[in-house]
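Chemist: Have a look at this one.
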Amino acid sequence: MALEIDQLAEALAASHAAIAFTGAGISTESGIPDFRGPNGVWKKVDPAEFTIDNYINNADHRARVWSQRAASHEASHEPNDGHHAIVELEHLGIISSVVTQNIDGLHAAAGSSIVLELHGTMREVACLSCGDRLPMGDVVARVRAGDTDPHCARCGGLLKSATVSFGQALPADVIEDAFRRARECDLCLVVGSSLVVYPAAGVPIEAKRAGATVAIVNAEETDLDDLADVVVRGQAGEVLREAVQKVRAIQAV
Ligand code: NAD
């Protein structure tokens, strides 16, 4: 792995306009399970339950979702070495923005200044009818006070976390911005993604097509390892922490 981390550090040090493209794997070291890894959520629950149709049509499902959220809301997850390393790479003039599939808000919490959330955010709730948005904490307080299936106070529509469920469209402006950044970057650093969810996984493909270097840091094989110039197999926090140290050493010469 040492050789691959050297290659990663050299690619990072040579870049002045990189993007980070991250998935659930960057947050497992913060205690948030991913979907498809060995301890992933899909080993315990059926993805078919998490469709927008089921959310709209199944009041029992909504009540379950809200009750689980009310039980876990304050469990605080802190950014880990992987998120912090990406901020450091921004400060070193290498990474200019983060495109993430994650909904946990940990990149912004770590201090990354531009974060595009392709699949929305768990920190807010949106009305499925009028689009009104509220802080998650406000709606969780209503659930805890006995409102098991909260509706919009403005229009009566269904409230749902401001995340993209299966069958729901991705925010078009965010997708467009992400693909533009992919075309304009000189390096796409992929961290903690199985790269099987589209259109998100199209971001590194777009970057490669436009001439950028692609580096993948992941615990397991990904669908796009063959496309990458550098592949490092390992824990994101550990690998990125070491890579940043090596980048600093290269820059100091
Ligand atoms: P995924 O679950 O499909 O893949 C995660 C990948 O990360 C796996 O290949 C796994 O081997 C790897 N991984 C796990 N821990 C790692 C670590 N410590 N270091 C390096 N690699 C590690 O996730 P995905 O590709 O992001 O796509 C699935 C969807 O999951 C996304 O749409 C996202 O919205 C959603 N999701 C997000 C969160 C979150 O916000 N933290 C959590 C679960 C799922």
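Chemist: What percentages make up the Cα-Cα pair-distance distribution of the chain when the bins are 10 Å wide from 0?
Modeler: All Cα pairs, binned at 10 Å, distribute as 7, 30, 33, 19, 9, 2, 0 percent.
Chemist: Given a cut-off of 18 Å, what percent of all Cα-Cα pairs of region 91-168 lie beyond it? Could you put the intermediate results ahead of the total?
Modeler: Working: 1465 of 3003 pairs.
So the portion of pairs separated by more than 18 Å is 49 percent.
Chemist: With loop defined by DSSP as not H, G, I, E or B, and exposure as at most 11 other Cβ atoms within 10 Å, which is the longest segment of the chain clear of exposed GluC sites (Glu not before Pro)?
Modeler: On the way: sites that count: 74, 220.
It runs 75-219.
Chemist: So for region 148-253, taking the charge dipole from beta-carbon charges (+1 Lys/Arg, -1 Asp/Glu), which of 150, 232, 193 sits furthest toward the positive end?
Modeler: Of the listed residues, the answer is 150.
Chemist: Still on this model: Accessible area per residue for the chain in Å², computed with a 1.4 Å probe and the full protein assembly in place, what is it? It would help to have the intermediate numbers written out before the result.
Modeler: On the way: 11800 Å² over 253 residues.
Accessible area per residue, the chain: 47 Å².
Chemist: Charges at C-beta only: +1 for Lys and Arg, -1 for Asp and Glu. How large is the resulting dipole of region 123-253 about its Cα centre, in Debye rounded to 20? Each step should come with its number before you reach the end.
Modeler: Numbers: 15 positive and 19 negative charges, 81 e Å.
For region 123-253, the charge dipole is close to 380 debye.
Chemist: Residues in region 24-65 near a label at residue 147, defined as backbone nitrogen under 17 Å from the 7 Å Cα→Cβ point?
Modeler: Backbone N within reach: 62-65.
Chemist: Provide the per-residue ³J(HN,Hα) series for region 238-253, in order, calculated from phi with Karplus coefficients 6.51, -1.76, 1.60 and θ = phi - 60°, each as a whole number of Hz, with x at glycine and proline positions.
Modeler: Computed from phi, the couplings for region 238-253 are 5, 5, 6, 4, 5, 5, 5, 4, 5, 4, 4, 5, 5, 5, 6, 6 Hz.
Chemist: For every helix of n ≥ 4 consecutive DSSP H residues, a contribution of -39,500 (n - 2.57) applies; sum these over the chain, divide by its total residues, and give [θ] at 222 nm rounded to the nearest 500 deg cm²/dmol. Display every interim value, and only then the final one.
Modeler: Numbers: 9 runs with 95 residues, N = 253.
Calculated at 222 nm, the ellipticity per residue is -11000 deg cm²/dmol.
Chemist: Can you pull the one-decimal nm distance between simple spin-label points at residue 241 and residue 7, each 7 Å off the Cα toward Cβ?
Modeler: 2.4
Chemist: While we're here: Relative contact order for the chain using alpha-carbon pairs under 8 Å, separation at least 6, rounded to a whole percent?
Modeler: On the way: 461 pairs, mean separation 67.9, N = 253.
Relative contact order of the chain: 27 percent.
Chemist: While we're looking at this one, here's another question. Trypsin sites (Lys or Arg not before Pro), restricted to region 41-145: which are DSSP loop and have at most 13 other Cβ atoms within 10 Å? Don't skip to the end; give the middle numbers.
Modeler: Working: sites: 43, 44, 62, 64, 69, 123, 133, 142, 144; in loops: 44.
Counting only loop positions with at most 13 other Cβ atoms within 10 Å, the trypsin sites (Lys or Arg not before Pro) in region 41-145 are 44.
Chemist: Could you pull out every residue, at least 5 positions away or on a different chain, whose amide H is within less than 5 Å of the one on residue 97? Hs are placed 1.01 Å off N in the peptide plane, and Pro or chain starts have none.
Modeler: Under 5 Å from the amide H of residue 97: 20.
Chemist: Would you kindly enumerate the cysteines in the chain that have no other Cys beta-carbon under 4.7 Å from their beta-carbon?
Modeler: 185, 188
Chemist: Let me ask another. How big is the charge dipole of the chain about its Cα centre, in debye rounded to the nearest 20, if each Lys and Arg gets +1 on its Cβ and each Asp and Glu gets -1 on its Cβ? Let's see the in-between values first.
Modeler: Numbers: 21 positive and 35 negative charges, 124 e Å.
Value, rounded to 20: 600 debye.
The values are calculated or read from the model by the stated rules, or taken from the named source; none is laboratory data. What you see is a predicted model; the values in this text were computed from it and never measured. With ideal geometry, Cβ positions are generated from the backbone for all residues, glycine too; neighbour counts draw on all protein chains shown. These accessible areas exclude ligands, DNA and RNA; they are computed on the full protein's heavy atoms, side chains included. Shrake-Rupley method; radii C 1.70, N 1.55, O 1.52, S 1.80 Å.
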